1. Give me the angle, in degrees from 0 to 90, between the Cα long axis of helix 272-304 and the longest principal axis of the Cα atoms of the chain, rounded to the nearest 10.
2. Starting from the exponent 0.38 and prefactor 2.2 Å, build the expected Rg for the chain from its residue count and divide its actual Cα Rg by it.
3. For helix 153-203, report the angle its Cα long axis makes with the longest principal axis of the Cα atoms of the chain; keep it between 0 and 90° and round to the nearest 10°.
4. Quick one: ranking ASP393, ASP414, ASP251 by accessible area, 1.4 Å probe, largest first, what do you get?
5. Share of region 9-209's accessible area from carbon and sulfur, percent, 1.4 Å?
6. Cβ under 9 Å from PHE460's Cβ, PHE460 left aside: what net charge do those residues give with Lys, Arg +1 and Asp, Glu -1?
7. For the chain, what relative contact order do you get, as a whole percent, if you take Cα pairs closer than 8 Å and at least 6 residues apart?
8. Name the long-range amide H neighbours of LEU108: under 5 Å, sequence gap of 5 or more, or other chain; modelled H, no Pro or chain starts.
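The values are calculated or read from the model by the stated rules, or taken from the named source; none is laboratory data. This is a predicted model, so every value here is computed, not measured. Note: ideal-geometry Cβ built from the backbone for every residue, glycine included; neighbour counts use all protein chains shown. Protein only, heavy atoms only, side chains kept; ligands, DNA and RNA dropped before computing areas. Shrake-Rupley method; radii C 1.70, N 1.55, O 1.52, S 1.80 Å.
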Amino acid sequence: MTRRWPASGQPAILRTSGVRLAALGAAVAAMGAVIVFVVIYYGTLGSLRQTLDASVTNEIGEILPQGPATPPAVAAIAIRAALAQRPSRIFYALAGPNGAPLAGNLRLPPPAPGWHTLDAPEADAFAPGVTELRVLVVRLRGGASLLVGVDGTMIRRLNDLIRRSFLIGFGLTLSLGLAAGIGFGRKALARVNAVSLASREIMAGDLSRRIPLAGTGDEFDRLAETVNAMLDRMQHLMENLGAVGNDIAHDLRSPLARLRETLELALRDPDPAAAGAAIAEAIAQVDGALALCGAILRLAQIETGARRASFSDIDLTDLLDRLVETYETVAEEAGHRLAAHVPRGLAIRGDAQLLNQMFANLIENAITHAGSAARIGLVARADPAGVTVRLTDDGPGIAPDRRGAALRRFGRLDPARHRPGYGLGLPLSAAIADLHDARFTLDAAAPGADRPGLAVTLVFPAGGVPRPG
Ligand SMILES: Nc1ncnc2c1ncn2[C@@H]1O[C@H](COP(=O)(O)OP(=O)(O)OP(=O)(O)O)[C@@H](O)[C@H]1O
Ligand SMILES: [Mg+2]
């Protein structure tokens, strides 16, 4: 079954977070550009206009020494004097009450009193190159009016310049932001597509497929690494599951065949006592088969890691003491000696039932496989790296090249084949150690010796809550 995201009508690239983030970033940058524009525009033009206005007011003061009460004739003289002195870009227009020009260099009927910005009606109407005037018109007593203005062309040019620069800057910010967004979006999309492709192939049954890493160590790589680790684990579990099925089918065949034989003999045997014995034997065989099924299922369950949820603080000293107490007698009855050294207060996190089973398996292995009159030792110690438990015997041990086989399910080595057992003790113990993040190693207890023995070393990570004692 394939599920697709509902099509929203937008191209995929526009729905990537990269493009959305870049669009947001570009919008914020554009907003910043607008604020900068407003500040520069009104700041620069405003102060320029203030300077111009001040020079106009100043000039009016000079032309009208008595303010609006100044007689127009006096004003006219002042204008002429000013024009003779400063043929600058200051413009005057003095008009009589009827609007007739009295003096000045501007042929213009003065507008209403107050501030104005006047556009030149045609090129060079005011003076060559002057396109805008900033003027103040004052009404004199008696009806005459005086206009004084300065060249405002600079303001207009600056205005145009600022607007143009802003439009270019604004456009660049937006387009660069969007281009970057689309670039990032494309890249992200390519990575996501690679993940989807790999996932589809995995769903189609190729469990060995992994999500490719770009090698940049970015968040995509980190995600891919985690997902790949999860896939490794799943593949391992799936393979195990398959192997468990095969193992059960394979290893139940011979007990079932034996059982059938026993029951057939019982059926044919006319002696009821012998038939009864055969049935008792059959029941024992069925019990063995049930125990085998139980062990295989337990192993499969441990390998899923589900038991980790029920971990608690374990008093390892107490657990080992009890086990040693139980197995001392068993070992003695089998002609061996079990000696233990367990310091007080060892603590780890774990599952007590499983830990019990693991150590029991290992001690039983030493009792079963270490030959006669073996010396079995159990030594535990705590150091900053964690808690180490080492179980040794002085039997024949396992040759280095046979250790892998011994750790496999149903891996029983030659000398043990005639002894009871399924070859599940070691793999079960290794799986329990793995569940506890403990390092599990097999080596020789006394390398090079006649009876090198087997040493099983378990190192539990530090982190349990130490107990006083
Ligand atoms: N202490 C030991 N000394 C020598 N050989 C050992 C020792 N422990 C295990 N082995 C070898 O490794 C094999 C696998 O051990 P494992 O515990 O998995 O199975 P088992 O003891 O034969 O059966 P089970 O534990 O299922 O009853 C054994 O059959 C034996 O050949
Ligand atoms: Mg065993």
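1. Result, in degrees: 20.
2. The chain yields a ratio of 2.18.
3. Once rounded, one gets 10 degrees.
4. ASP414, ASP251, ASP393
5. Accessible surface attributable to carbon and sulfur in region 9-209 totals 65 percent.
6. Once all neighbours under 9 Å are counted, the net charge is +1.
7. Over the chain, the number comes to 10 percent.
8. none
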